[in-house]
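Trainee: Have a look at this one before I ask anything.
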Amino acid sequence: MSEVQAGDRRPGIIRWAMAVLALVGVAAVLYVIGAASFKPKQAASLGDLKRGAMEKLVVTRTPVPAPDIDFTDAAGKPVRLADFKGQVVVMNLWATWCAPCKTEMPTLARLQAAYAVQPVRVVAISVDRDADLNLATAEIARNAPLKLYRDPGYKIAFGLQPRAQGFPTTVIYDRKGMERARLSGGADWASPEARELVERLLTDG
């Protein structure tokens, strides 16, 4: 009689074990979904963009905030890079006495024109001395829609970490105001590679 009773209990035990296993499986799936939901979004990788016109691009391994340093606009009003937060910023340090700077300036203008209605700002900061303001103004006028910004004291150049190694130096900030890459020397900023860099940051949160 006891053997019959044990046999009768066995299917119930099996069903119970299967129900427990099913619950464990559901819990595991819910845990994975929940963990993915709360996992911080990783910044877009830019390393694969070091090619073509962006061959000299140096990707910032650990994004750092833009320096909290004043420069001025054409009217002499103080401006900071934080004022452009929410936009992809292509900050370019240049001078009229710098031949590569003047060569790449039209490409920066074309880049800005291509994103005229999108949150992208090319911030071209002249380091020319006050005595050469007329030269810097004329150079920017030839490269609309760029606007003139000035830093004759090299505050931004020395405030970067690491500091700018020469001119031109272009630093790219994401929409959170974090430095993501920089390029020392001239480049074609109207190239497909440069556009791809901007597009990557536009879609990165």
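Trainee: Going by the conditions given, is V89 assigned to a strand (DSSP E or B), touching a Gly at 6+ places or on another chain (Cβ under 6 Å), surrounded by 14 or more Cβ atoms within 10 Å (Cβ to Cβ) and on the phi < 0 side of the Ramachandran plot? Before the answer, list the steps.
Mentor: Values: assigned to a strand (DSSP E or B): yes; touching a Gly at 6+ places or on another chain (Cβ under 6 Å): no; surrounded by 14 or more Cβ atoms within 10 Å (Cβ to Cβ): yes; on the phi < 0 side of the Ramachandran plot: yes.
Considered against the rule, which asks whether it is assigned to a strand (DSSP E or B), touching a Gly at 6+ places or on another chain (Cβ under 6 Å), surrounded by 14 or more Cβ atoms within 10 Å (Cβ to Cβ) and on the phi < 0 side of the Ramachandran plot, V89 comes out as no.
Trainee: Failed condition for W97, given (1) more than 18 Å from the chain's Cα centre (by Cα); (2) within 16 Å of M54 (Cα to Cα); (3) assigned to a loop (DSSP other than H, G, I, E, B), with all others met?
Mentor: (2)
Trainee: How many of the residues in segment 74-86 are surrounded by fewer than 19 Cβ atoms within 10 Å (Cβ to Cβ) and in a helix (DSSP H, G or I)?
Mentor: 2
Trainee: Hey, can you tell me all the residues within segment 110-136 that are surrounded by 14 or more Cβ atoms within 10 Å (Cβ to Cβ) and more than 30 Å from D174 (Cβ to Cβ)?
Mentor: R129, D132, L133, L135
Trainee: Continuing with the same structure: Is it true that K147 is surrounded by fewer than 16 Cβ atoms within 10 Å (Cβ to Cβ), in the same structural domain as V58 (by TED's automatic domain parsing) and in contact (Cβ under 8 Å) with a residue 60 or more places away in the chain?
Mentor: Details: surrounded by fewer than 16 Cβ atoms within 10 Å (Cβ to Cβ): yes; in the same structural domain as V58 (by TED's automatic domain parsing): yes; in contact (Cβ under 8 Å) with a residue 60 or more places away in the chain: yes.
It is true that K147 is surrounded by fewer than 16 Cβ atoms within 10 Å (Cβ to Cβ), in the same structural domain as V58 (by TED's automatic domain parsing) and in contact (Cβ under 8 Å) with a residue 60 or more places away in the chain.
The values are calculated or read from the model by the stated rules, or taken from the named source; none is laboratory data. Keep in mind the model is a prediction, meaning the values are calculated, not measured. Methodologically, a virtual Cβ is constructed for each residue, glycine included, from the backbone with ideal geometry; neighbour enumeration extends over all protein chains shown.
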